[in-house]
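The values are calculated or read from the model by the stated rules, or taken from the named source; none is laboratory data. This is a predicted model, so every value here is computed, not measured. Glycine also receives a Cβ, built like all others from the backbone with ideal geometry; neighbour counts cover every protein chain displayed. Just the protein is used for accessible areas: all its heavy atoms, side chains included, with ligands, DNA and RNA removed. Shrake-Rupley method; radii C 1.70, N 1.55, O 1.52, S 1.80 Å.
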Amino acid sequence: HISWRGNVEVCRQHGSYKWMDVEKWRQQFARVDPDVGPRVASAILAQLQIIGMQQLGEFLTGELEEASFSTYFKGADPHSGDFGVVSMLQQLINNRKLAEAFQLPILEPASRIRMFNDGGWSGGESMRRITCMYMKCDRKTCHIDPSHSLEMRFAFITDIAKQELASSISQIEVDFKVSKGAITISHPPENLLNVKDSAGVASGLAFRDPHISNYVSPAEMQELCNRIGKKIAKRRPLGTHNIASTIGFWHSLPKAMLPVLILGGGPVLDFNGNRFSWHPLIVSQHVLNPQPDIPGYHCNDCPLAPR
């Protein structure tokens, strides 16, 4: 009961990525494991999502009351996917009430600021962004003070990111003397992604779909993705924090995605012990050949500065 071919064609309509021939991509799995491999590939393709600009805009701004001011981060990456979010927000939000986080105007007391983020996967980067917003810094024209409220708006967020952010926000409230409840997290209810099961055990998103588990064993699927992933992304074989997401955006492919989808490399051993190089299904030069971050973009004390 898996229809993956039609799903791939829908995904290919979003973004300007190059795509490997899907049958050749699936054959790589068969080379590694002739029995389980093709079923794992099909299971991944059936879950794949590339969120288009219009859909992302609806997730981020749909039916929300206008905030006093809206903001976003571009960050130190010269080719950051956040630039794509900016171009979309500029079409949907009053541009007089929209600015990059480092260029906020002087805000009236009790202002409500909404910060937009496409995805919250582990929560680490989002936590650092919140902290940066409250810090005084010569790189920023203005910072948020305790009289303001801040809403972090996500198109998608995982349960582990939400839990991590709740803990971090409690600490920020203490450190910056912010009232409890002044910093909030919001997202479309249907886009809360559960990495943990009812017992609190974490498992990658790609291995939790009930329809997939009827088709291929989640354990077999995870083992094969992990085996290949260790050869092409040693530090995150199943994506950031083993999140194993199959969700990308028209403007960026998050590091939480399964590496078998977006990275290449090797050598990967096939069923007969021969070595071959893995090729990604979705080809983004920003992922494969990223530019180094702009040096000195963040101040030395900034939580976003490289360590």
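Listed conditions (1) assigned to a helix (DSSP H, G or I); (2) of a type in the set (A, V, I, L, M); (3) within 30 Å of Q55 (Cα to Cα) are all met by I172, apart from (3). So, G266, is that one part of a strand (DSSP E or B), touching a helix residue (DSSP H, G or I) at 6+ places or on another chain (Cβ under 9 Å) and closer than 21 Å to G124 by Cα or not? Spelling it out, it is not the case that G266 is part of a strand (DSSP E or B), touching a helix residue (DSSP H, G or I) at 6+ places or on another chain (Cβ under 9 Å) and closer than 21 Å to G124 by Cα.
Quick one: count up the residues across region 138-161 that are in contact with a His (Cβ under 8 Å, 6 or more places away or on another chain) and surrounded by fewer than 17 Cβ atoms within 10 Å (Cβ to Cβ).
Number satisfying all stated conditions: 1.
Residues in region 144-159 that are in contact with a Phe, Trp or Tyr (Cβ under 6 Å, 6 or more places away or on another chain) and modelled with pLDDT under 95: I144 alone.
Quickly run through region 92-102 and pick out the residues that are in contact (Cβ under 8 Å) with a residue 24 or more places away in the chain and either basic (K, R) or surrounded by fewer than 12 Cβ atoms within 10 Å (Cβ to Cβ) (or both).
N94, K97 - these are the residues of region 92-102 that are in contact (Cβ under 8 Å) with a residue 24 or more places away in the chain and either basic (K, R) or surrounded by fewer than 12 Cβ atoms within 10 Å (Cβ to Cβ) (or both).
Looking across N300, N226, one residue alone is under 30 Å from F154 (Cα atoms), open to solvent by 20 Å² or more (accessible area, probe 1.4 Å) and outside any helix (DSSP H, G or I). It is N300.
Scanning region 269-294 for residues that are polar (S, T, N, Q) and touching a His at 6+ places or on another chain (Cβ under 9 Å) gives Q285, Q291.
Does L107 meet the test of being within 18 Å of I183 (Cβ to Cβ), crowded, with 17+ Cβ neighbours inside 10 Å and at pLDDT below 95? Considered against the rule, which asks whether it is within 18 Å of I183 (Cβ to Cβ), crowded, with 17+ Cβ neighbours inside 10 Å and at pLDDT below 95, L107 comes out as yes. In a residue-by-residue description of region 122-143, the property of being of a type in the set (S, T, N, Q) and touching a residue at least 40 places away in the same chain (Cβ under 8 Å) applies to at least one position. Picking from residues in region 175-197 that are assigned to a helix (DSSP H, G or I) and open to solvent by 30 Å² or more (accessible area, probe 1.4 Å), the one that is nearest to G124 (Cα to Cα) is D175.
Of the residues making up region 29-87, those that are of a type in the set (S, T, N, Q) and either open to solvent by 60 Å² or more (accessible area, probe 1.4 Å) or in contact with a Pro (Cβ under 7 Å, 6 or more places away or on another chain) (or both) are Q49, Q54, Q55.
The residue of region 114-137 that is surrounded by the fewest Cβ atoms within 10 Å (Cβ to Cβ), among those that are closer than 24 Å to G62 by Cα and aromatic (F, W, Y), is F116.
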